[in-house]
Structures are given as C-alpha cells and as structure tokens.
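A.B. asks: Following this message is one structure expressed as structure tokens.
The values are calculated or read from the model by the stated rules, or taken from the named source; none is laboratory data. This one's a predicted model, so the numbers in the text were calculated from it and none came from an experiment. Here the Cβ is made from the backbone with ideal geometry for all residues, glycine too, and neighbour counts use every protein chain on show.
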Amino acid sequence: MRILKFLLLIFSFILLSCATKRPTGSTEAEILFKEATELISKSRYIQATEKLNSIRSQYPYSFYATHAELLQADILFSQENYAEAASAYILFRDFHPKYSELGYVIFRISESFYRQLPSTFDRDLSAGLDAIKYFNELIQNYPNTEYVKDAQSRINQIEEMVEKKEIYIADFYFKTRDFEAAKNRYEDILKTLRNKEEKLRILTQIDKANKLIIH
C-alpha cells in the first residue's frame, strides 16, 4: 500500500511538472489569445484554432475577437491553405474596413493568390490575375507600407506568365490553321508586349495570317 501511495505521489508530481502554466491576462479573452499565439509559434495550429474559436464564440465583443479572426486567417496561410486563406482575409477586410492594419490584410490576400500560381505558364493563371488586382490595390491605397516592396516585381512576374500563355495560345491557333483566331490574339498581345524581338516575330505572324486568310 505504501508503495502504491508513493507511486501515485510521484505520478502526480510528474503531471504537475509537465503541466503548462497559463499566461496571465486581465481577461479570459486575453489569456486565450496569448495561449493561441504561443501555440502558433510551436506550429500547433489545431489547438490554436480551438482557442481562437473560444474567443469568437464566448467573447465576441472583446478587444481580442477581431484579432482572433485575423489570426485564424494567418493560420490557414501558414498551413499553405492559400485558397481558404484568401477567402478568410477577404471576409475580414469586408467586415472590418477600418481595421488599423488593413495594408497587411490586402498584402496577405495578394500573397494568398500569388502562391496559388502554377510553376509553368501553360496552366490556369486565374489566381495570378486576382493577385495582380490586390497587389495594385495595395500599391494604390497603402504606398508607404513595407508590403509594397515586392508587389511590383510580383505583378511583372505574373504579367510575363500571362503574356507567354497568350502567345502560346496564339501560336497554337496558327499551327492548327485557325488564322483568324491567331491574328486576333496576336493583335491583342501587341497592345502590351514590350519585348522587341517578340514584337517583330508576332508582326510577321500577323502578316502571314492575313495572307493565309485571304487565300
């Protein structure tokens, strides 16, 4: 019996020593928020989300409720669930248009779409077009934030991918002898094309297409 009591005492001591001490705070909402941020720092996203859900459901009017909502979007981003993250950030922006760090939110929306881009231009680039939209919004409305630093280079990269895809499609139409469609595509491409060598090639393709359409 004494041995059993001794073992139970040791076991209780181990449990107490392993227990995580809760952070301090003036409200339960603050404590839950601090716990969530600590869990996020350890990549324990499921447990962090549970804490944030508790804030939003039990303390919806507290100071931390809005921050908990944004932090849930950040968790989705950290988990590389970029489509869901984009939706969560957009929803946050729509419900909190006067949030003090809205530049950060727009940046995360942009990045969420940007990171959905495929590795090659011959696939669906619709996420890139959405990224451009929000990067431009960021540059226009929050030009003095740190988040605009790489926005223009990202836009240029996406536009180059879109341009290559348009040329790829136009060339495909030409090869399959759909010269009218090829010509229309080439003419649209010329409106924004910067590469001089590619411009000359496309002008030649348009000339060929015109002759072949006539014949």
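A.B. asks: Answer yes or no as to whether SER112 is modelled with pLDDT under 95, among the polar types (S, T, N, Q) and either under 30 Å from GLN140 (Cα atoms) or surrounded by 13 or more Cβ atoms within 10 Å (Cβ to Cβ) (or both). Let's see the steps before the verdict.
C.D. replies: On the way: modelled with pLDDT under 95: no; among the polar types (S, T, N, Q): yes; either under 30 Å from GLN140 (Cα atoms) or surrounded by 13 or more Cβ atoms within 10 Å (Cβ to Cβ) (or both): yes.
When the stated conditions are applied, SER112 does not pass them.
A.B. asks: Out of the residues in region 65-102 that are touching a Ser or Thr at 6+ places or on another chain (Cβ under 8 Å) and part of a loop (DSSP other than H, G, I, E, B), state the one that is farthest from ASN53 (Cα to Cα).
C.D. replies: Going through region 65-102, the residues touching a Ser or Thr at 6+ places or on another chain (Cβ under 8 Å) turn out to be 71-72, 75, 77-78, 82-83, 85-86, 89, 96, 99.
Next, only the ones that are part of a loop (DSSP other than H, G, I, E, B) stay: 96, 99.
Working: HIS96: 18, TYR99: 20 Å.
For region 65-102, the residue satisfying everything is TYR99.
A.B. asks: Report every pair of residues separated by at least 6 positions or lying on different chains whose Cβ atoms are under 6 Å apart, first residue within region 186-213 and among the hydroxyl-bearing types (Ser, Thr, Tyr), second surrounded by 13 or more Cβ atoms within 10 Å (Cβ to Cβ) and part of a helix (DSSP H, G or I).
C.D. replies: Cβ pairs passing all conditions: TYR186/ALA170; TYR186/ILE202; TYR186/GLN205; TYR186/ILE206.
A.B. asks: Evaluate the following for GLU159: is it modelled with pLDDT of 90 or more, in a helix (DSSP H, G or I), acidic (Asp, Glu) and surrounded by 14 or more Cβ atoms within 10 Å (Cβ to Cβ)?
C.D. replies: Yes, satisfied.
A.B. asks: Exactly one condition in (1) within 21 Å of the chain's Cα centre (by Cα); (2) without any contact (Cβ under 8 Å) to a residue 12 or more places away in the chain is not met by PRO60; state its number.
C.D. replies: (1)
A.B. asks: Now, a different point. Which numbered condition in (1) under 30 Å from PHE77 (Cα atoms); (2) among the β-branched types (Val, Ile, Thr); (3) part of a helix (DSSP H, G or I) is the only one that ILE189 fails?
C.D. replies: All conditions are met except number (1).
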